[in-house]
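The values are calculated or read from the model by the stated rules, or taken from the named source; none is laboratory data. Being a predicted model, the structure only gives us computed values, none of them experimental. Every residue, glycine as well, gets a Cβ built from its backbone with ideal geometry; the counts of neighbours run over all protein chains shown. Note: areas computed on protein heavy atoms with side chains; ligands, DNA, RNA excluded. Shrake-Rupley method; radii C 1.70, N 1.55, O 1.52, S 1.80 Å.
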Amino acid sequence: MKKICVLGLGYIGLPTALLFAQNYKVIGLDVNKKILALLKKGKIPFEEPGLQELFNKVKGNFTISDSVEDADVFLIAVPTPFEEEKKIADLQYVKSATEMISPYLKDDNLVILESTVPPGTSRQLVLPILVKSGVKNFYYSYCPERAKPGSTINEMINNARIIGGVDDKSSQLTKDIYSSFVKGGIYLTNTVTAEFVKLMENTFRDVNIALANEFLHIVRKSKINIWEAIEFANKHPRVNIHKPGPGVGGHCLAIDPWFLTQNTKKFKLIRLAREMNDSQPNDVFYLVKDFLKDIKKPTVTVLGVAYKGDVDDTRLTPALRFIDLMLDEGFNVKIHDPFVKEFKYRLLSLEEAIKDSDCIVIITDHTLFKQINPEKIAIMMRSKNVFDTRNILDHKKWQKAGFNVEIL
Ligand code: SAJ
C-alpha cells in the first residue's frame, strides 16, 4: 500500500488526508500542537458535516505525526496567508513545508501542492527547493482544492479536479491517486494553468458578488426589491446574479483575487470588486444606523458571526467589521452564533442576546435562524425591529408578530 504524507491538517488538508486514508496509508502532520492533540484524542478540530464519521472509519490507516517521514507521495495543504498591507500572498508556509519535505525526497516520489498560490509559484518557488535536494527523478503536480466549507467531503468527492503536472507522467500519477476517491472529472494541464484556474474561480465569484452589491446600492432608495429583481433576472437562461449581503468573508474569496493582481495598479475590475465587497459591512452599518435613528442608544442583537451560513468559521468575517462600527458608534451590541465557539467578543445564548434588545440584525445565513419563532421572541424585546441582511426570514410572519422589518 502506498504511503502519503500530508503536510497541513486544516480545513482542506485534514479531509483530503482522510479521503486518501480510505485506500492508502496516510501520515498527517501539522505545526499546530492544539490540532495534533485533538486528533490524537480522536476529535476533529472544526465542524464539518461527515468529517468525524470519516475519521472514525479510516483511523486505522491514518497516523498523526509532528515530523515528516519517508513516503511515496508528499501532499502540501498549508495555508497561504495574505499580507494585508502589501495585498500580496505570503508564501512562508508553502516554502517551509517544501523545505521540510526536501531531506526525505527520493527518486520516484510524487510531490503535490494543493495550497492556493499566485501563478508561477510551483516553478519559481517550490520546484527550485525540491531540485536543490539533489534528487533527479521526482514527480510534481499542482492540484488545487475546490471544496466549499460546509459541504467539503461531498465536494471533494464529486467536484471536478484540475491537475497541473510538471510533465505528463506527473499529471498521470497524480490523477491515479486522486481517482481513489474523486468521482468528478479529472482534467490535466500544466502547473501555471492549474494555479491560474483556481484563482479565476474565486475571482469570478467575488466580482459577481460585487456586482450584486452594486445592484443593491442602485435600487436602495427605490421601490425595487433587489431580491425579487435578482430572482426574476436569473430566470434568464444566461444570467446568474449572485446574492448581495453584508460582505464577503472566509479565507478564499476575500483574499485570492489579490493573488492575481499582486499589488499592481493594473486589473482594475478585480481590485474594485474586492474594495466594494470589503466596504459592504460599512454600508450595512449606515443602513442599520439609519433604520434605528429614532431610538436613543439602541441595543442591537447581532445574529451570526461566522463568515457564511452553517459553518463555525469566522476567518475574515464581515461580522467583525460591522460589530466594531456599531460599538464605535456607542451602540450596545449583544451577539449570538449557534456554531461559533470562539470570537473576539463574548457570545451569548439566543435568549440572552435577544432580551431587552431594540433590533435583531441577521448577519449570517445560518439555517437555524429561519426557524426562530418571532411571536415567541417579540415579548422579550424592548422594541420590535429586525434588519435582515441575508433575506432569509419569513418577513410576513415577522411583521405579523409586530416587527418592523427591513431588508438590504
Ligand atoms: N457570498 C455572498 N453572496 C453570494 C455568495 C457568497 O455574499 O452570492 C459571501 C458568503 O456569505 C461568504 C463569502 O461570500 O461570506 C464566501 O462564501 P462562498 O460560499 O462563496 O465561498 P467559500 O469561501 O466558502 O468557498 C469558496 C468556493 N469557491 C467558489 O465557489 C468559486 C469553494 O469552491 C473553494 O474551494 C473555496 O472558496 C476555496 O477554498 O478556495
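Below, the figures for the structure above:
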item: Carbon plus sulfur fraction of accessible area for the stretch 230-319, probe 1.4 Å, in percent; result: 56 percent
item: Under the Karplus curve 6.51 cos²θ - 1.76 cosθ + 1.60, θ = phi - 60°, whole-Hz ³J(HN,Hα) for the stretch 100-112, x wherever Gly or Pro sits; result: 5, 6, 2, x, 9, 5, 10, 4, 6, 5, 10, 10, 10
item: Under-5 Å amide H pairs with Val302, H placed in peptide plane, nonlocal only; result: Lys334, Ile335, His336, Val361
item: Gain in span if fully extended, Ser151 to Met1, counting 0.36 nm per residue against the direct Cα distance; result: 51.1 nm
item: Cut-off under 5 Å, modelled amide H: who pairs with Thr189 long-range; result: Ile163, Gly164, Gly165
item: Cβ crowding within 10 Å averaged over residues, with 74-80, 336-342 ranked highest first; result: 74-80, 336-342
item: Coarse-grained scattering of the chain at q = 0.06, 0.07, 0.12, 0.14 Å⁻¹, given as base-10 log I(q)/I(0) from a Debye sum over alpha-carbon atoms; result: -0.28, -0.38, -1.00, -1.23
item: Around Asp176: net Lys/Arg minus Asp/Glu count, Cβ-Cβ under 13 Å; result: +2
item: Residue-wise HN-Hα coupling along the stretch 185-201, computed from phi with Karplus coefficients 6.51, -1.76, 1.60 (Hz; x: Gly, Pro); result: x, 10, 10, 9, 8, 9, 4, 5, 5, 4, 5, 5, 4, 4, 6, 4, 4
item: Net lengthening on full extension, Asp176/Arg220 (0.36 nm per residue, minus Cα-Cα); result: 10.7 nm
item: The stretch 350-408 - percent relative contact order, Cα under 8 Å, separation 6 or more; result: 37 percent
item: Over the stretch 1-77, relative contact order from alpha-carbon pairs under 8 Å, at least 6 apart, %; result: 46 percent
item: Distance in nm between pseudo-label sites at Leu125 and Arg238 (7 Å out along the Cβ direction from Cα); result: 3.9 nm
item: Distance (nanometres) between label positions extended 7 Å along Cα→Cβ at Ala229 and Val31; result: 4.7 nm
item: As computed over the stretch 100-170, the Cα convex hull volume per residue (Å³); result: 111 Å³
item: Calculated FRET value between Gln262 and Asp107, using beta carbons and R₀ = 25 Å, to 0.05; result: 0.10
item: Peptides 5-14, 190-199 ordered by average Cβ neighbours within 10 Å, highest first; result: 5-14, 190-199
item: The chain, relative contact order in percent, only Cα pairs under 8 angstrom and at least six apart counted; result: 10 percent
item: Within the stretch 290-308, backbone nitrogen closer than 15 Å to the virtual label 7 Å beyond the Cα of Glu329 toward Cβ; result: 290-303
item: P(r) tail fraction, the stretch 188-274 - alpha-carbon pairs more than 16 Å apart, %; result: 60 percent
item: Most to least packed among 377-384, 296-303 [average Cβ atoms within 10 Å]; result: 296-303, 377-384
item: Accessible surface of Ser96 - all protein chains present, 1.4 Å probe, nearest 10 Å²; result: 50 Å²
item: Cα coordinate range in the stretch 27-84, projected on the principal axes (Å, largest first); result: 38, 30, 18
item: Radius ratio Rg over Rh of the stretch 280-408, counting only Cα atoms, Kirkwood formula for Rh; result: 0.92
item: Within-15-Å neighbourhood charge of Asn263 [Cβ basis; K, R +1; D, E -1]; result: +1
item: Placed amide H near Lys3: partners under 5 Å, 5+ positions off or other chain; result: Asp72, Val73
